[in-house]
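K.L.:
Provided herewith is a single structure, encoded as structure tokens, for subsequent inquiry.
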Amino acid sequence: MITEIVKLSEATESAERYGTAFTLSPEDDAKIKSCAEIIKRGGLVVFPTETVYGLGGDATSPTAASKIYEAKGRPSDNPLIIHVSCPEEAEKYAYTTELYYRLAEAFMPGPLTVILDAKDSVPSKTRGGLSTVAVRCPTDAVARRLIELSGVPIAAPSANLSGSPSPTRAKHVIDDMLGRVDAIIDGGECEFGLESTIVKINSDDTLTLLRPGKITPTELEKIAPVTVADAVVDKLKEGEVAISPGMKYRHYAPSSPVVLLDGNLDKCLNYIEKTGQNNQAFICYTDEAEAILKRLPSLTLYPIGAREDLFTQAHLLFSILREADTKNHSCIYAHLPKREGIGLALYNRLIRAAAHTIINL
Ligand code: TXA
Ligand code: MG
């Protein structure tokens, strides 16, 4: 398959396109329109969102859903999020509730996905055979315009090959998806860099957090009581059924082993030094880099941002994991993040990358 790369103008790329006030240039709008035609014809288009790039197809078409699973190499029991251009559009595809609208009022458009009971208008294939459906209204103007012009909701998982980190730049998408999709919209770097927060609305009007993201449990608590699903921070137990199918698959895993270190810098460096292996790497805080290099000059460093700057860390994590993956490191070390605020999202992605290998120092 020939993949068309659709480059948007620098103005759109660098502009604050994450808000309802942003207007696309007529040229960019025309490009998005031709991509919407591909979606309407049942084809696949990768598009940027404020979280990560999505691999999109018509959510109302079982054939398009099958093509998405195939392009991504994803098991078809792992359901797709349907992306809508405004919160009310969910009405046609899901049984919305008063709590859904309170969440929408607070966080949509934005990086929040809500699990609702599905209507028959969403094919079973799109929802991986579940009776529920995941709904998300992105804030990225390019994503919303693509949905609007397609005239259908867009089913989109992250646009990576199954098992590799989600793509946050067009280059990542090209590496994984060239020849597997009809078009890739290059919209520059995704703003946040980790996938959306996912919550399930329970019948008693409480929320279960299935995947942490930019919207934190503390923010959600202002709307309704929240329980964090065990699998967000722990391994699924033997035989346990995942409440979100995605929880049971290994994720974000580079081919080198990733090990999380829980202890101060001095203890981390002692540990790394003691292992004595060649070609090791450390995803460190930017403010530590100089001191580390003085002590362990042969260690490859991937500075991820200042210790307290969780936004930069979220923005860079997947990009760093991808880069480190090309270097054949014998081991990639990283600090174990705190589980607070956005730290919970970093923690959740890193324990998966590390297949839950945590060393308490
Ligand atoms: O930020 C995001 O959410 C990105 C962008 C493209 O919007 N999308 C994304 O999709 O991360 P994906 O498919 O890579 O992750 C969605 C997760 C999967 O783990 C899936 O199992 C879960 O959501 N999911 C989807 N539908 C579900 C449902 N009905 N019930 C429970 N979990 C569901
Ligand atoms: Mg994904």
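K.L.:
Peptides 317-323, 65-71, 257-263, 354-360: what's the order by average Cβ count within 10 Å, highest mean first?
P.N.:
So the peptides 317-323, 65-71, 257-263, 354-360, ranked by packing, come out 317-323, 65-71, 257-263, 354-360.
K.L.:
Here's another thing I want to ask about it. State to the nearest 20 debye the size of the charge dipole of the chain about its Cα centre, where the only charges are +1 on K and R beta carbons and -1 on D and E beta carbons.
P.N.:
In debye, rounded to 20, the chain gives about 920.
K.L.:
Could you size up the charge dipole of segment 258-360 around its Cα centre, putting +1 on the beta carbon of Lys and Arg and -1 on that of Asp and Glu, and report it in debye to the nearest 20?
P.N.:
Computed about the Cα centre, the dipole is about 260 debye.
K.L.:
Could I ask something else about it? Once amide H atoms are placed 1.01 Å from N in the peptide plane, what residues at a sequence separation of 5 or more from Cys137, or on another chain, have their amide H within under 5 Å of its amide H?
P.N.:
Val84, Gly110, Leu112
K.L.:
How big is the gap, in Å, between the Cα center of segment 300-321 and the Cα center of segment 1-46?
P.N.:
So the two Cα centres are separated by 28 Å.
K.L.:
OK, next. Compute the distance from the alpha-carbon center of segment 69-100 to that of segment 334-361, in whole Å.
P.N.:
Each part's Cα centre sits 28 Å from the other's.
K.L.:
If you don't mind, there's one more thing I want to ask. What are the ³J(HN,Hα) couplings of segment 321-334, residue after residue, when phi is run through the Karplus curve with 6.51, -1.76, 1.60 and θ = phi - 60°? Round to Hz, x for glycine and proline.
P.N.:
4, 5, 5, 4, 5, 8, 9, 6, 5, 6, 7, 10, 9, 8
K.L.:
Ok, one more. What is the spin-label model distance, in nm, from Ile5 to Asn264 if the labels are put 7 Å beyond Cα along the C-beta direction?
P.N.:
Label at Ile5, label at Asn264, 4.8 nm between them.
K.L.:
While we're on this one: Once you sort the root eigenvalues of the Cα gyration tensor of the chain as a ≥ b ≥ c, which label holds: rounded (a/c under 1.5), prolate (a/b larger than b/c) or oblate (the other case)?
P.N.:
prolate
K.L.:
Using the alpha-carbon atoms, what tilt in degrees (0 to 90, nearest 10) does helix 26-40 show relative to the longest principal axis of the chain?
P.N.:
Long axis of 26-40 versus the principal axis of the chain: about 80 degrees.
K.L.:
Report, by chain and number, residues whose modeled amide H sits under 5 Å from the one on Thr132, excluding near sequence neighbours (fewer than 5 apart, same chain).
P.N.:
Ala118
K.L.:
Oh, and also: Of the options Ile272, Pro217, Gly57, report the single residue whose Cα projects farthest towards the positive end of the charge dipole of the chain (beta-carbon charges: Lys, Arg +1; Asp, Glu -1).
P.N.:
Ile272
K.L.:
Okay, moving on. If you average the C-alpha positions of segment 219-280 and of segment 160-191 separately, how far apart do those two centres end up, in angstrom?
P.N.:
Between the Cα centre of segment 219-280 and that of segment 160-191, the gap is 24 Å.
K.L.:
Sorted by mean Cβ packing within 10 Å, highest first, what order do the peptides 223-236, 151-164 take?
P.N.:
My ranking of the peptides, most packed first, is 151-164, 223-236.
K.L.:
Now for a separate question. Per the helix-only calculation at 222 nm, which mean residue ellipticity applies to the chain, given -39500 (n - 2.57) for every DSSP H run of n ≥ 4 and division by its residues, nearest 500 deg cm²/dmol?
P.N.:
-9000 deg cm²/dmol
K.L.:
May I ask you to list the residues of segment 195-212 whose amide nitrogen lies under 14 Å from a point 7 Å from Cα along the Cα→beta-carbon direction of Arg339?
P.N.:
Residues passing the 14 Å test: 209-212.
K.L.:
Next up: Is the C-alpha gyration tensor of segment 258-360 telling us rounded, prolate or oblate? Criteria: a/c under 1.5 is rounded; beyond that, a/b larger than b/c is prolate, otherwise oblate.
P.N.:
Note, shape of segment 258-360 comes out rounded.
K.L.:
To the nearest 10 degrees, how steeply does helix 343-353 sit against the main Cα axis of the chain, on a 0 to 90 scale?
P.N.:
Approximately 80 degrees, to the nearest 10.
Each value in this text was obtained by applying a stated rule to the coordinates, not by laboratory testing. As the structure is a prediction and not an experimental result, all values here were calculated from the model. Heads up, the Cβs are rebuilt from the backbone with ideal geometry, glycines too, and the neighbour counts pull from every protein chain shown.
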